[in-house]
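> Could you have a look at this structure, given as structure tokens, before my questions?
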Amino acid sequence: DIAGNSIVSNLSSSFRTIFAAGTSSIPTSASLFINPNSLFANGKIPTTVIISNVNINGTPAPNGTVIAVTAQPAFNQGSVGGVISGNSIGISVDGRFLLFQTLGASVTLYYTPPDLTSMRPGSTATAVIQVASVDADTRPVNLIGQGSLTLFATGSASILAIPSTLVANGINTASVTVTVRDIY
């Protein structure tokens, strides 16, 4: 040690502890289905997220099992965020996560992307929906599933006016068509 005492040669760098309350039989995995899995990132258009096959060591989780869901950077730091909504039972003590109870080892919820309309035309971002098991205090303790979706900006826009010139007499009119396209 720093005082100059010799260190015992058979040191152990591990220790044992008991499970935290409520963590002995929590879900260990889940599957995600996101439809559609690509969205215009305007902060308004939601998509459906189905979390299924929520199980505990290969056995379907019983009805009422609590899971936590987020799109914020949490287990996956690369997520751009967004809003999770649906038939929630509340917010986790980790405020990034919304809590849901399973029914038939599944949960259906909604994801709305953040408003990223300032992204450069043609660019994309990735949102990651993360599902976690929680302890008795609703603290997310383990990532059990995740799914990602692509958020895109406007690819291009064009304006067509017919006729393209008018006499400024307060009577003449033109038909203006604006076509906005995504990157696809």
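The values are calculated or read from the model by the stated rules, or taken from the named source; none is laboratory data. Predicted, not measured: the structure shown is a model, and the values here were computed from it. Please note: Cβ atoms are built from the backbone with ideal geometry, for glycine as well, and neighbour counts cover all protein chains shown. Keep in mind that these areas ignore ligands, DNA and RNA; they rest on the heavy atoms of the full protein, side chains included. Shrake-Rupley method; radii C 1.70, N 1.55, O 1.52, S 1.80 Å.
> Can you name every residue in segment 57-74 that is buried (at least 19 other Cβ atoms within 10 Å of the Cβ) and either among the acidic types (Asp, Glu) or part of a strand (DSSP E or B) (or both)?
Matches in segment 57-74: 66, 67, 68, 69, 70.
> Pick from segment 44-54 the residues that are open to solvent by 30 Å² or more (accessible area, probe 1.4 Å) and not aliphatic (A, V, I, L, M): which of them is farthest from residue 131 (Cα to Cα)? Walk me through how you get there before you give the answer.
Taking segment 44-54 and keeping what is open to solvent by 30 Å² or more (accessible area, probe 1.4 Å), we get 44-46, 48, 50, 52-53.
Among the residues that remain, those that are also not aliphatic (A, V, I, L, M) are: 44, 46, 48, 52-53.
Values: 44: 22, 46: 18, 48: 15, 52: 11, 53: 12 Å.
In this case the residue turns out to be 44.
> Within segment 96-114, restricting attention to residues that are more than 15 Å from the chain's Cα centre (by Cα) and open to solvent by 90 Å² or more (accessible area, probe 1.4 Å), which residue is nearest to residue 44 (Cα to Cα)?
Within segment 96-114, the first condition is being more than 15 Å from the chain's Cα centre (by Cα), and the residues that meet it are 101-106.
Restricting the remaining residues to those that are open to solvent by 90 Å² or more (accessible area, probe 1.4 Å) gives 101, 103.
Working: 101: 26, 103: 28 Å.
So, considering only residues that are more than 15 Å from the chain's Cα centre (by Cα) and open to solvent by 90 Å² or more (accessible area, probe 1.4 Å), the one nearest to residue 44 (Cα to Cα) is 101.
> Also: With respect to residue 33, determine if the residue is aromatic (Phe, Trp, Tyr), in a loop (DSSP other than H, G, I, E, B) and on the phi < 0 side of the Ramachandran plot. Walk me through how you get there before you give the answer.
Values: aromatic (Phe, Trp, Tyr): yes; in a loop (DSSP other than H, G, I, E, B): no; on the phi < 0 side of the Ramachandran plot: yes.
Against the criterion (aromatic (Phe, Trp, Tyr), in a loop (DSSP other than H, G, I, E, B) and on the phi < 0 side of the Ramachandran plot), residue 33 does not qualify.
> For the subset of segment 120-131 comprising residues that are of a type in the set (Ser, Thr, Tyr) and either more than 10 Å from residue 149 (Cβ to Cβ) or surrounded by 13 or more Cβ atoms within 10 Å (Cβ to Cβ) (or both), which member is nearest to the chain's Cα centre (by Cα)? Let's see the steps before the verdict.
Going residue by residue through segment 120-131, those that are of a type in the set (Ser, Thr, Tyr) are 123-124, 126.
Checking which are either more than 10 Å from residue 149 (Cβ to Cβ) or surrounded by 13 or more Cβ atoms within 10 Å (Cβ to Cβ) (or both) leaves us with 123-124.
Numbers: 123: 19, 124: 16 Å.
Here the answer is 124.
For (1) modelled with pLDDT under 95; (2) farther than 20 Å from residue 142 by Cβ, each residue gets a yes or a no:
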{"site": "28", "(1), (2)": "yes, no"}
{"site": "45", "(1), (2)": "yes, yes"}
{"site": "49", "(1), (2)": "no, no"}
{"site": "53", "(1), (2)": "no, no"}
{"site": "67", "(1), (2)": "no, no"}
{"site": "74", "(1), (2)": "yes, no"}
{"site": "77", "(1), (2)": "yes, no"}
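> Within segment 75-95, track down each residue that is open to solvent by 20 Å² or more (accessible area, probe 1.4 Å) and assigned to a loop (DSSP other than H, G, I, E, B).
Of everything in segment 75-95, those that are open to solvent by 20 Å² or more (accessible area, probe 1.4 Å) and assigned to a loop (DSSP other than H, G, I, E, B) turn out to be 75, 76, 77, 78, 80, 86, 87, 88, 89, 93, 94, 95.
> Give the residues of segment 85-109 that are of a type in the set (Phe, Trp, Tyr) and touching a Pro at 6+ places or on another chain (Cβ under 7 Å), sorted by residue number.
97
> Then there is this: Kindly list the number of the only condition in (1) β-branched (Val, Ile, Thr); (2) loosely packed, with under 14 Cβ neighbours inside 10 Å; (3) free of Cβ contacts under 8 Å to residues at least 60 places away in the same chain that fails for residue 117.
That leaves (3) as the condition not met.
> Give segment 144-181 a look and list any residue that's buried (at least 16 other Cβ atoms within 10 Å of the Cβ) and of a type in the set (A, V, I, L, M), or say none.
Result: 144, 149, 151, 153.
> Looking at segment 132-146, is at least one residue within 15 Å of the chain's Cα centre (by Cα), more than 21 Å from residue 51 (Cα to Cα), not in a loop (DSSP other than H, G, I, E, B) and not hydroxyl-bearing (Ser, Thr, Tyr)?
no
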